[in-house]
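Visitor: Let me give you the structure first, and then I'll get to my questions.
FYI, it's all coordinate maths here, none of it is from the lab. A quick note: this is a predicted structure, and the numbers were derived from the prediction, not measured. Every residue, glycine as well, gets a Cβ built from its backbone with ideal geometry; the counts of neighbours run over all protein chains shown.
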Amino acid sequence: MINNIKNFIKKNTFLCILELVTFTSILTTGIIFHQEFWKMLPLFISLVVMLLQAKVNRYAYLLGGLNSILYAVAYFSMGIRESALSALLMSFPLQIITFILWQRKTTKNVTKLRKLNVWAIMGISAAFILAFVAMFFWFPHDETASTFTVVMDTSTTLLGFVTTMLTLLRFREYIITQIAALPLSLSMHVMIMVGGNMANITYVIYTAYCAVCLAMAAVRIAKQTRKTRTENNTEQIKV
C-alpha cells in the first residue's frame, strides 16, 4: 500500500504538488475570509476528483457523483439555483451511472473513448441554444441574482449537463465542453466576489486548478486517440 502511494507520487509529482498548493490556498483564503467549512469541503474532495480526471480514471465519477450532493447545498446558499439543481438532479445520478457503465482496461482504469460526428455536434449545439433560451426566460431565478450571474449560471449548468452526457456515452468531446465551461464558471464566481462575497475566492482558486487538470486530461485523451488510430491501422494491415 505504502509502495503504491510512493509510486503514484513519483509518477505524478507535478499533479501532487499542484494539489497540495491548491489545497493550502483554498484553506488559507477560506480561513481569512471566514468561509464556512461545509462550503470548502466539496472543493477539497474535488481536488482528488480532478486529479483522477486528469488521468482519465473512471473512479473520478464515483467520487464526483457523491460530491455533487455537497455542491448542491453550497450552491443553494450562494443563490446560484440552476447550478444547485443541476448538481443534485443531474450531476449526482449521471456521474454514478457513468462510473458503472465505463469499461475498465486491463490496466490503469482508462476507458476507450468515441468521437461525435458532425450531425451530432450540430444537433447538440441547437439543443443547447433552445434550452438556454427556455431556462433563461421561463426558469424561476433567484431575485437577488444579477442578469450576468443568471446568464453565467444557466450557461454553466447546461454545459455541465452536456459534458455529463458526453462522458456517460464515452464521447471524447466531453473534455471540450468541460474546458469551455471554465471561463463561464470563473466569471460567475468572480462576480459573486465583486458583489461582496470575498470568501468565494476559494471557488476561483479551484477553477484555476481545474484548468490545469483538464488541459492534462485533454493531452492524455489526444495521446489515447492517436494510439487507438495506430492500433486500428495495424489491424487493417494485418487483415
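Visitor: Which of I17, I97, I124, I201 has the fewest other C-beta atoms within 10 Å, and how do the rest follow up to the most?
Guide: In order of increasing Cβ crowding within 10 Å: I17, I97, I124, I201.
Visitor: Also, I was wondering about something else. Against the longest principal axis of the chain, how steep is helix 59-78, in degrees 0 to 90 to the nearest 10, with axes from Cα atoms?
Guide: Approximately 10 degrees, to the nearest 10.
Visitor: Once you've got the Cα coordinates, tell me which of K10/K227; K55/K112; K11/K115; K115/K223; K10/K112 are over 20 Å apart.
Guide: Listed pairs above 20 Å: K10/K227; K11/K115; K10/K112.
Visitor: Tell me what the chain gives for mean residue ellipticity at 222 nm when only DSSP H runs of n ≥ 4 count, each as -39,500 (n - 2.57), the sum divided by the residue total, rounded to 500 deg cm²/dmol.
Guide: Value at 222 nm, helices only: -26500 deg cm²/dmol.
Visitor: Scan around R114 for amide H atoms under 5 Å from its own, H built in the peptide plane at 1.01 Å from N, and keep only partners 5 or more places away or cross-chain.
Guide: F171, R172
Visitor: Residue by residue through the range 162-172, what is 3J(HN,Hα) from phi via Karplus (6.51 cos²θ - 1.76 cosθ + 1.60, θ = phi - 60°)? Round to whole Hz and write x for glycine and proline.
Guide: 4, 4, 4, 5, 5, 5, 4, 8, 6, 9, 5
Visitor: Kirkwood hydrodynamic radius for the chain: how many Å is it when counted over pairs of different Cα atoms?
Guide: 19.0 Å
Visitor: Where does each of S185, S146 land when they are ranked from fewest to most other beta-carbon atoms within 10 angstrom?
Guide: S146, S185
Visitor: Separation of the range 44-61 and the range 173-187 by C-alpha centroid, Å?
Guide: Comparing the Cα centres of the range 44-61 and the range 173-187, I get a distance of 16 Å.
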